[in-house]
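The values are calculated or read from the model by the stated rules, or taken from the named source; none is laboratory data. Since this is a predicted model, take the numbers as computed values, not measurements. Here Cβ is always computed from backbone atoms with ideal geometry, including for glycine, and neighbour counts include all displayed protein chains. Heavy atoms of the whole protein, side chains included, go into the accessibility calculation; ligands, DNA and RNA do not. Shrake-Rupley method; radii C 1.70, N 1.55, O 1.52, S 1.80 Å.
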Amino acid sequence: MLAASSIVNPNLTCSSRASSSSDFISISLRPSLAKFGSSRVPKRLITVRSAATKQAKTPAEEEWKVKRQVLLEKRVRSVDVKEAFRLQNENNFVILDVRPEAEYNEAHPPGAINVQIYRLIKEWTAWDIARRAAFAFFGIFSGTEENPEFMQIVESKLSKDAKIIVACSTGGTMKPTMNLPDGQQSRSLIAAYLLVLNGYKNVYHLEGGLYNWFKEGLPSAGLED
């Protein structure tokens, strides 16, 4: 999107190009010649950069291979739902539910703490409007963004020595398969990656996600409860 902050002479011809290396849209107004008496005066070259410039990459946007390697090095362990239930009840593990707040309110393991790692897009900068438009193009009218306050909220609720099982809907996996040699990324694995980057040492990951938790008939609570 371009900010209409100046008036452009209609006699100027316009061309546009997108640069994948710098993530901006450049609109160049090529010199044109206008007659002033007997002389011809060239106009100046003007380049306008899009106000919707892509923001710098965050740790959560790092490549999955990099995240996976760190998770393995930090010995983040994956547990199934039954073991997670046992650890929660017998070893004082806390389930960190990183799903959207609405999903947490509908149903979650009793005692689970909700800190959503992604949230609905809130701001209305040119970049955010461009992202909303991109989601809308694919029929998605509730686009999400990384929650910039994720770690701040986690640190306000859980100490660095807390024993944590990170959970999302489907869980993802670090285990290689024939089709997925590096496993599969998920919200809970991204959250686990952020936790270990920020000094949390007792971080587990819920394999199969909360989908399996509810499927196995393990205890759940909701907003009405």
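Here, P(r) means the percent of Cα pairs in each 5 Å bin from 0 to the largest distance; for the range 146-225 it is 3, 13, 20, 21, 20, 14, 6, 2, 0.
Taking 7 Å steps out from each Cα toward its Cβ at Glu90 and Ser220 produces label points 2.5 nm apart. Here the gap between Lys82 and Glu103, fully extended at 0.36 nm per residue and compared with their Cα-Cα distance, gives a gain of 5.5 nm. Heavy-atom accessible area with a 1.4 Å probe sorts Arg187, Arg99, largest first, into Arg187, Arg99.
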